[in-house]
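Structure first, commentary second.
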Amino acid sequence: MASIRDSSRRARPRTVRLAGGLAALGLLLTSAACSAPAVEREFLGVKRVTVAMHNDLPGLSYSSNYDRSGLDFIMLQHIEEEIEVPFSEPVDVSSGDRITQLLQGKADMTIASFSITAERMEEIDFVGPYLKTRQGFLVGPGSADVERLRDLRGSRICTWQGTTSVEALGGIRESSGSDPVVLTDASDCIDQLVEGQVQAVSTDQAILYGFARQYEKEGLRVVPDVTIGAPQHYGIGLPKGHTEDCRRLASWLMRHVGTSGWIRDVETSLPALIKADPGWISSHKPSAAEIEARSCRNSISP
């Protein structure tokens with residue numbers, strides 16, 4: 001019996017040593033894990049994403065006292081929540097420089113009422129559309145009688161450089177006898193409309209309704225049910241060469257557009273459009289097929 005008790009006593013230190021060894025091993029592994037460098041995620045080939053945006057389009061992308069607002073900015077906020085990489089403060093971009101900034105690496109992404117076209121798809125990738133619209137007309141307080149396109153005959157109609165609106169407005173001289181005026185940016189056209197130097201501004205209705213709300217006291221209004229040109233599909237511009245990230249963003253957008261959150265985004269940003277068009281969802285909401293046909297491609301899929 002004594003020999004058994006002695007053997008038992010001798011076994012205990014061995015167990016203690018084993019437990020101590022496991023504890024030390026655990027500490028070693030924990031220390032190694034803590035000392036391992038954190039993996040920095042990338043998106044579009046960068047660790048911090050820079051987004052180019054307009055700063056002068058109320059309702060879509062507007063900046064005042066360093067605060068941004070509008071549907072484009074809300075889209076950016078959603079993307080920042082979806083993509084696990086840091087984002088820099090947005091940089092300003094003009095309509096004419098949207099592709100240039102992407103190609104020169106000054107921006108990694110562009111969210112700027114950027115219409116997807118076959119020509120642009122040859123140079124950059126798009127994710128979208130996240131909104132559809134048509135080109136219309138904004139008139140001033142002296143144009144209360146303007147209800148149809150022919151009512152603008154002989155008028156000076158303004159748009160700005162770098163937009164698809166320039167092309168659509170190009171044929172209006174022959175069709176209505178109007179005189180197109182192409183200025184540098186949106187604010188130039190709006191200033192001239194308020195001052196009476198032009199009789200109308202023509203670009204996408206989504207943009208025009210934003211201006212109509214901001215300049216309501218000045219008597220600016222969108223001419224209802226008067227449009228020209230093809231439908232415009234707003235997309236997120238990306239440099240080519242990042243197919244996996246592009247497809248990830250497209251998958252997110254398909255999900256988002258199918259939610260009530262997308263409806264709230266548009267209602268919050270463009271209340272004047274919602275008020276003017278009770279059936280706006282059917283005409284402005286993209287389908288999953290439209291997003292698939294235009295996202296991450298070199299040309300629009302049939």
Of the labelled options (i) 198; (ii) 123; (iii) 155, which one gives volume of the Cα convex hull per residue in Å³ as computed for this structure? (i)
Between the alpha carbon centres of the stretch 92-129 and the stretch 132-194 the gap in Å comes to 24
Using amide H atoms built 1.01 Å from N in the peptide plane, name the residues 5+ places from Arg134, or on other chains, whose amide H lies under 5 Å from its own. Gln205, Ala206, Gln232
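In the chain, what is the count of Lys pairs whose alpha carbons are under 18 Å apart, counting only pairs at least 8 residues apart or on separate chains?
On the way: Lys47/Lys106; Lys47/Lys240; Lys106/Lys240; Lys132/Lys275; Lys132/Lys285; Lys217/Lys275; Lys275/Lys285.
The result is 7.
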Residue-by-residue Karplus 3J(HN,Hα) for the stretch 291-302, coefficients 6.51, -1.76, 1.60, Hz, glycine and proline x: 5, 4, 6, 10, 9, 6, 10, 8, 7, 6, 6, x
Ranked highest first by the average count of other Cβ atoms within 10 Å around their residues, in what order do 204-213, 248-257, 275-284, 123-132 fall? 204-213, 123-132, 248-257, 275-284
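For the chain, calculate the relative contact order in percent as a whole number, restricting contacts to Cα pairs under 8 Å that are 6 or more residues apart.
Numbers: 518 pairs, mean separation 71.6, N = 302.
Once normalised by length, the contact order is 24 percent.
Rounded to the nearest 500, what is the chain's calculated 222 nm mean residue ellipticity when only DSSP H runs of at least 4 contribute -39500 (n - 2.57) each, over all residues?
On the way: 13 runs with 131 residues, N = 302.
Helices in the chain give a 222 nm mean residue ellipticity of -13000 deg cm²/dmol.
Values quoted throughout were computed directly from the atomic coordinates according to the rules given, and no laboratory measurement underlies them. Note that the structure is a prediction, hence the values are computed from the model and not measured. Neighbour counts run over all protein chains shown; Cβ positions are idealised from the backbone, glycine included.
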